[in-house]
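What follows is a set of notes on a single structure, which appears directly below.
All of the numbers you see were taken from the coordinates with simple rules; none came from a lab. Because the structure is predicted, anything quoted here is derived from the model rather than measured. Counting neighbours? That spans all protein chains shown, and the Cβs are built from the backbone with ideal geometry, glycine included.
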Amino acid sequence: MKKLRPTTPGQRGAILPSFKAVLTTGKPFKALVRGGKRHGGRGNTGRITTPHKGGGHKRRRRLVDFRFDKKDIPARVETIEYDPDRSAFIALVLYKDGERRYILAPKNMRPGDTFIVSKTAELKPGNRTVLGNIPVGTFVHNIEIQADGGGRIARSAGGSAQVIAHAEGHTQLKMPSGEVRKVSRAGWATVGEVSHEEHKLRSIGKAGRSRWKGIRPTVRGVAMNPVDHPHGGGEAHHSIGLRSGPKTRQGKRVGGVKTRRAKKYSNNLIMQRRKNARERRR
């Protein structure tokens, strides 16, 4: 991490990761880059479904391989790069058959390192194999929920899940949130943790840096009109005025309320749910 010289108010409060020590190039591999249009948090009807999104710096999207369909072919890491669409670093790898792809970079991966995707792969960081072959206690990331369905779990910076048991065709994982759940033993996972664990330690220092990232300002509900938010209305400073507790803009309760659907397909795979904010404060 680096603290900037306090030459401006924004730099005085900023604590940012030091990319120079890790990244090996500033230019992406052109064949694996695509343009794209962002939608500002709007759904297919044009209405805002996720608030506080919009603007931001133009991005070139890297095509990251999460399916890993090239099995039993060794690959060598060429570069470690920055990806504007994710918190972790990515690696450009060259497979032995000559094809290049981007992958999610594991922790401590460096140019020249090798890895392989195979059911018989050695259990070392960066290698990818089926969960049923991974011993209890191992930390894994980029985990598939179903075989060959592509990595879905533990993909953000510094993330990983721990294998805690194998039973009845499933592997039990302790998730980064503390939840314990079952996934298919035939699913694939990468050994080790995701790179850029310092991401959570950063302090952006100024509001402008949030705007570069496409994050717009958040307005308090009590500062709105009643038509715009359940907390709105009233003169001067006041409480939310609701006995039932705080609400979202759509009128749903927040804070310690279960939001998982009663008939969600994966409910029977959750062995121990994560603690919510109210439970963590106890």
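Which of the trypsin sites (Lys or Arg not before Pro) across region 6-41 are loop residues per DSSP, with 12 or fewer other Cβ within 10 Å?
Details: sites: ARG12, LYS20, LYS30, ARG34, LYS37, ARG38; in loops: LYS20, LYS37, ARG38.
Here the sparse-neighbourhood loop sites are LYS20, LYS37.
Just tell me the longest site-free run in the chain, where the sites are GluC sites (Glu not before Pro) in a DSSP loop having at most 14 other beta-carbon atoms within 10 Å. Counting only loop sites that pass the neighbour cut-off, the longest clear stretch is 1-98. Of all the options GLY214, GLY232, GLY151, the one that moves most in a Gaussian network model of the chain with Cα springs shorter than 10 angstrom is GLY232. Our compactness index for region 119-188, the C-alpha radius of gyration over the empirical 2.2 N^0.38 Å, is 0.97. In the chain, a dipole from Cβ-located charges (positive for Lys and Arg, negative for Asp and Glu) runs towards its positive end, and of GLN250, PRO125, SER156 it is GLN250 whose Cα lies farthest in that direction. Its relative contact order, with pairs defined as Cα atoms under 8 Å and 6+ residues apart, puts the chain at 17 percent.
Under the rule of -39500 (n - 2.57) per DSSP H run of 4 or more residues, summed and divided by the residues of the chain, what mean residue ellipticity at 222 nm is obtained, to the nearest 500 deg cm²/dmol?
Working: 3 runs with 14 residues, N = 282.
Estimated from H runs of four or more residues: -1000 deg cm²/dmol.
If you average the sequence gap of Cα pairs under 8 Å that are 6 or more apart and divide by the length of region 220-282, what percent do you get for the contact order? Mind showing how you got there, number by number?
Numbers: 54 pairs, mean separation 13.5, N = 63.
Relative contact order of region 220-282: 21 percent.
Karplus-derived 3J(HN,Hα) values for region 37-47, using 6.51 cos²θ - 1.76 cosθ + 1.60 with θ = phi - 60°, are 10, 8, 10, x, x, 9, x, 6, 9, x, 8 Hz; glycine and proline are entered as x. Determine the shape class of region 220-282: with a ≥ b ≥ c the square roots of the Cα gyration tensor eigenvalues, call it rounded for a/c under 1.5, and otherwise prolate if a/b is greater than b/c, oblate otherwise. In terms of gyration-tensor shape, prolate. Dipole of the chain computed with +1 at Lys/Arg Cβ and -1 at Asp/Glu Cβ about the Cα centre; of PHE68, VAL222, LEU32, farthest Cα towards the positive end is VAL222.
Give me the dipole magnitude in Debye, nearest 20, for the chain about the Cα centre, with unit charges on the beta carbon: positive for Lys and Arg, negative for Asp and Glu.
Working: 62 positive and 21 negative charges, 272 e Å.
With Lys and Arg at +1 and Asp and Glu at -1, about 1300 debye.
Straight-distance candidates among the lysines for linking to LYS30, with alpha-carbon spacing under 27 Å and chain neighbours fewer than 8 residues away dropped: LYS20, LYS58, LYS70, LYS71, LYS96, LYS107, LYS213. In region 18-199, the DSSP beta bridges split such that about 95 percent are antiparallel, to the nearest 5.
Within the same chain, lysines fewer than 8 places from LYS252 are excluded, and of the rest, those with a Cα less than 25 Å from its Cα are LYS53, LYS263, LYS264, LYS275. For region 173-281, applying the loop criterion from DSSP together with a ceiling of 12 other beta carbons within 10 Å to the chymotrypsin sites (Phe, Trp or Tyr not before Pro) yields TYR265.
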